[in-house]
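Contents: one structure, followed by commentary.
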Amino acid sequence: MKYPTIRGRRGFPATLSLAVMVATLASCAGPPLKLYIMAAGAPFQTNAAQTSAAQTSAAQTSIAMSRNPIVVEIRRVDVPGYLDNQDILVRSGNTLKRSQQGRLASRLSVEATGLLARRLAEAHPEALVTDQLQAQTPTYRLIVNVSVLDVTSDGTGELEADWQIFARDEAQPERRGRTQISLAGSVSTDQDVVTLERRLLESLAGKIGVSLFAGA
């Protein structure tokens, strides 16, 4: 028995019409979305002496930690509400332009916290620096507030932040710090924008590290 062929518009078989529709939609689709991880960049180094000291102490890190560990717990970084998402943003005047091809792998507050923890840990291998909640009271608890993280279309990056350091030893006073950082860089691609933001946060990590470990 021969079954009739179901035909679509203008006499084309329905299966052919569907195939043409799928091919048309596929051709209209844009490039695949790219996800960017801030902490995946090359380690930030301030100078050769610091790098050499870190390499020298790396072999002794596990021993030092087991005897008298310095534990630094970083709470999730606080950022302005309109920035705490996965968007890659560039400001032009009073307008924010959101990238259509790329996004951060996580919310900005998560990415910033992970980056600060990683850079502080790299610069100070003698300490256990973590963004995970600790079962016991850490040696230091770090709270960071980023009030401004701005990248403009002319390639200027601005960051303003303050931080608080609370010691487990109640005899140690609470320490506070504040900084303003300005850097220049390319913003031609999403990778460029993320790199400029990462450089700003790495500079912040360097400044926090100075005050954090000054009394350690």
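The values are calculated or read from the model by the stated rules, or taken from the named source; none is laboratory data. As the structure is a computational prediction, the values presented were derived from the model and not from experiment. Every residue, glycine among them, receives a Cβ derived from its backbone with ideal geometry; neighbour counts consider all protein chains shown. The accessibility values were calculated without ligands, DNA or RNA, using every heavy atom of the protein model including side chains. Shrake-Rupley method; radii C 1.70, N 1.55, O 1.52, S 1.80 Å.
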query = How large is ³J(HN,Hα) for each residue in segment 131-137, as worked out from phi by the Karplus curve 6.51 cos²θ - 1.76 cosθ + 1.60 (θ = phi - 60°), to whole Hz, x for Gly and Pro?
reply = 9, 9, 4, 9, 5, 10, 4
query = Taking K and R as +1 and D and E as -1, what net charge do the other residues with C-beta under 15 Å from the C-beta of residue 181 add up to?
reply = -1
ask   = residue 164 versus residue 130, label points 7 Å from Cα toward the beta carbon: distance in nm?
value = 2.3
remark   = Applied in sequence order to segment 87-95, the curve 6.51 cos²θ - 1.76 cosθ + 1.60 (Karplus, θ = phi - 60°) yields integer Hz couplings, x standing for Gly and Pro, of 5, 9, 10, 10, 9, 10, x, 9, 10
note = On the formula 1/(1 + (r/R0)^6), with r taken between the Cβ atoms of residue 97 and residue 176 and R0 of 22 Å, the FRET efficiency rounded to 0.05 is 0.05
ask   = When the accessible area of segment 143-216 is split by element with a 1.4 Å probe, what percent falls to carbon and sulfur?
value = 46
Accessible surface, segment 109-157, averaged per residue in Å² (probe 1.4 Å) = 39
request  = Would you kindly compute the Cα radius of gyration of segment 107-150 and its largest Cα-Cα separation (Dmax), both in Å?
outcome  = 11.6, 36
